[in-house]
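The structure appears right after this line, and notes come after that.
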Amino acid sequence: MSQALSEEQFYAGLQHLPRPQYPFPDFIHPDFQQQREEYYAWIDQEYTFHSKAAREKHKQHHLTDIAARGCPFLKDIRELRPLANYAANGAMMDDYFDRCSHDEMNVVKNRIMDLLTGEDIKEPADNGILHQFWMLRQDAVKCGMPERLYAKYIAAIRNVLVGYADERVYYRTNTPPPLPIYLIIRLHTSGVLPFCKYVAMQKDYRELPDDILEHPHILRIHDLCSLLIGMHNDFISLPKELHREGDTMNIVKVIQHEQKLSVDEAYMEALKLHDSCLGEFVLLHEHLPPFGVLQNMVYNYVQDLGIMVAGVYAWHTNDVSRYVSGGYVDGEFVSSRDQ
């Protein structure tokens, strides 16, 4: 970036690029404001290891709205809490550990999974990230989440954490990965696959048996949702990630590096890939396998996966604090490799 170009001018210079459009309606959970208030309290009580500046920025990001928009048909706030916890705590954790190594992230992953699986049932003594993941499990029990759905949910969270560790390799070398590697990692680090599993908590979808929820056709739709949201997140965060070294896990930067294109050209190529995934989603929705008496329920379930995609995008586009000049939270974790 030219040193003569201000940060504000740099951000404004990408505003002419087209943005994704989705053929799904946009909703928000009626308890979103109550969930926000609980989120503010989490930050004040649990995130004291963050600087005050970081905590105040996180409050402005309204990260629990991602859950409220992604799963707007959950019965009540009790059912919303385990998803809002993951959405907010996971995002803030990702910000905090931005500078950690692959091995350090793996240690964190293992500790979190012990808490989520119940391998470690002891409540963490200190407030913070680990305590919030412990609370996630308690809230899932309180809202009556079926064990089989919870198992799918935390298995997907585990893979998000694996992705967080794997992308650190590219962050630390300030190198964009090859496109196939990006797609593997971003499939999980978009954070969407746990959402896809949680959509089954809405309406009557928990009645869908495992042979439907784990059907290859449905799992491909889950993957498409994850890639769609991962890419549209990359489009929105592009100005930030072009402006900072180390933010290499972005579809536009990957294509720009691999094909030696300008930023605008790489963006348009990335948008083509996004729109191809969207077209595939629509096609798979309209051509579901035969599911017998549950056919209409499966069709509606996939429709609500589309609403999830549109809802998360609405959070991104309504946000005026996280992906703007100076709005992001720098990682405050001090890696042992930096000492």
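The values are calculated or read from the model by the stated rules, or taken from the named source; none is laboratory data. Given the structure is predicted, the values throughout are model-derived calculations rather than measurements. Don't worry about glycine lacking a Cβ; one is built from the backbone with ideal geometry, like all the others, and counts go over all protein chains shown.
General observations
- Where a residue in the range 37-50 is in contact (Cβ under 8 Å) with a residue 40 or more places away in the chain and its partner, wherever it lies, is part of a helix (DSSP H, G or I) and of a type in the set (Gly, Ala, Ser), with Cβ under 8 Å and at least six apart: 38/84; 39/84; 39/88; 42/88; 47/54
- Criterion (within 13 Å of residue 89 (Cα to Cα) and modelled with pLDDT of 95 or more) met by exactly one of 130, 115, 161: 161
- Within the range 273-320, the set of residues being assigned to a loop (DSSP other than H, G, I, E, B) and surrounded by 15 or more Cβ atoms within 10 Å (Cβ to Cβ) comprises 288, 291, 319.
- Only a single criterion out of (1) in contact with a Pro (Cβ under 7 Å, 6 or more places away or on another chain); (2) under 23 Å from residue 198 (Cβ atoms) is not satisfied by residue 14, namely (2).
- Only one of the numbered conditions (1) surrounded by fewer than 17 Cβ atoms within 10 Å (Cβ to Cβ); (2) modelled with pLDDT of 85 or more; (3) assigned to a helix (DSSP H, G or I) is violated by residue 86, and that is (1).
- Exclusive hit being out of contact with any Leu (no Cβ under 6 Å at 6 or more places or on another chain), in a loop (DSSP other than H, G, I, E, B), under 23 Å from residue 190 (Cβ atoms) and among the acidic types (Asp, Glu), set 98, 65: 98
- The set of residues in the range 176-217 that are in contact with a Lys or Arg (Cβ under 6 Å, 6 or more places away or on another chain) and more than 20 Å from residue 87 (Cβ to Cβ) contains only 176.
- In the range 240-253, the residue that is surrounded by the fewest Cβ atoms within 10 Å (Cβ to Cβ) out of those that are touching an Asp or Glu at 6+ places or on another chain (Cβ under 9 Å) and part of a helix (DSSP H, G or I) is 243.
- Scan the range 237-284 for residues that are in contact with a His (Cβ under 9 Å, 6 or more places away or on another chain), among the hydrophobic types (A, V, I, L, M, F, W, C) and within 19 Å of residue 17 (Cα to Cα) and the total you get is 2.
- Some residue of the range 309-323 being modelled with pLDDT under 80 and under 23 Å from residue 170 (Cα atoms): yes
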